[in-house]
Amino acid sequence: MKTAKPNSQNDLIKGVGILKKMLDDKKVIFEHLANGGKLADLKDKYKFVSLLKQFFTSLFLKMNKASSLRNNIIENVMNIEDVEYLKALKQLLKPTKSNLYKLNSLQKVLISQSLKEADAGYFISQEEVEAQQIEWLKAK
């Protein structure tokens, strides 16, 4: 039986589009927040928050299905008593160069964009993050 990933390519394209829009808006948003502005001030102008929520909800549902399937397989393996069968299964699951983890297109885009942002200086130090957290907590 052949199974296909429904809309996985479309989801990837949508996700990349959303992330590109976010990255384009990031500088303006970052400056607004750095000058004491609040994210709530920007919610009507920058609609990516709801789009991002939709994207990650879809992604989570797919990951949850994979997790459920994985757990089901683990439960079945836990009930196997045949040592030879388990040895064969172990050999089947043994990592090889061909089945090592490979990045998908979205992951490659995200890594590439992150490296470009770091090179351009679009990052803040851990100390700055902690200071912002303290200020945020004081405002609450």
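No value in this document is a laboratory result; all are computed from the given coordinates. No experiment lies behind these values; they were computed from the predicted model shown. Positions of Cβ are generated from backbone atoms using ideal geometry, with glycine treated the same way; all protein chains shown enter the neighbour counts.
Ranking E135, E117, E84 by Cβ neighbours within 10 Å, fewest first, what do you get? It would help to have the intermediate numbers written out before the result.
Working: E135 10, E117 14, E84 7.
In order of increasing Cβ crowding within 10 Å: E84, E135, E117.
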- Task: Rank these for me by crowding, T57, T96, going from fewest to most other beta carbons within 10 Å.
- Result: T96, T57
- Spin-label point model (7 Å from Cα, Cβ direction): what's the F60 to L115 distance in nm? 3.1
- Cross-link list K20/K138; K20/K116; K20/K45; K26/K116; K26/K65: which exceed 21 angstrom alpha carbon to alpha carbon? K20/K138; K26/K65
